[in-house]
Amino acid sequence: MPFQFLNFKSRISLLLLSALLFVGCQQSSQPGNQRAENANPLATPAPATISTAADDLPTIVAFGDSLTAGYGLSQEQSYTTLLQRKLDEQGFKYRVVNAGVSGDTSAGGARRIDWALESGNVKILILELGGNDGLRGLPVAEMKKNLELIIQRAQSRGVMVLLAGMEAPTNFGADYTRQFRQVFRDLANEYKTPFIPFVLEGVGGNPRMNQPDGIHPNAEGEKIMTETVWRALEPLLARP
């Protein structure tokens, strides 16, 4: 279906997913991007922590693409840093590690999950991947297989997974969009994982909450994203 005939929500989904893939190819050439080093999945993403606590603290790994990496933002503005601050302020003793890689697909995540789970005493994995699979129209079954592997690897280590859902563009047809969305729900049900239906709830499509590209959350949008993640995360935390 031509772009001009898509409804507003479909246009936002398509533009969002296009940007997730685009920044993966362009990030290293962006002089203002302070997360360029994360474009290499072999590079160690800098921990998004403001805590000075010991390294043996239980760790929360935020594992995803540009939405997790904090594309276009300083580390202080990214949701993972805001999440660390929220944990510290409320007395929760956890260390947040940002393992976001812009442009990453579920296959890329499956290849690097073991490395990410070695980031200290990992207790919780926030899994935010799949958007780039949807943009490329990659087989839904393959995405499910990759996400399933990530979940299995985490759970086999005793790590709890918080699964964040994403939407696919409509240009691959209604069946693909429906099947794509259903993957996240099916995995959450099958593996009994806590679930965020849409990690950009309240941010996607809102110009006031996005950077000038109209796609990636700005500093205010990151605050909303943090609250969305927090609502699902807080019940999983060990009380101080």
Item to check | Environment charge at Val140 (Cβ cut-off 10 Å; Lys +1, Arg +1, Asp -1, Glu -1) | outcome: +1
Item to check | Calculated FRET value between Ser74 and Asp175, using beta carbons and R₀ = 41 Å, to 0.05 | outcome: 0.50
Checklist outcome for this item: The relative contact order of segment 86-240, taking Cα pairs under 8 Å that sit 6 or more residues apart, comes to a percentage of 19
Item to check | Footprinting exposure proxy for Asp104, Asp213, Asp56 (fewest neighbouring C-beta atoms within 10 Å first) | outcome: Asp56, Asp213, Asp104
Item to check | Across Lys123/Lys192; Lys145/Lys223; Lys145/Lys192; Lys86/Lys123; Lys93/Lys123; Lys86/Lys144, pairs whose alpha-carbon gap is larger than 20 Å | outcome: Lys145/Lys223; Lys86/Lys144
Next on the checklist: For segment 120-240, compute the orientation-averaged projected area of the C-alpha convex hull (one quarter of its surface), in nm².
Outcome noted: 8.7
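Here, each number is a calculation from the coordinates, and none is a lab measurement. Only a predicted model underlies this, so the values are computations on that prediction, with no experimental measurement involved. For neighbour counting, all protein chains shown are included, and Cβ atoms are generated from backbone atoms with ideal geometry for every residue, glycine included.
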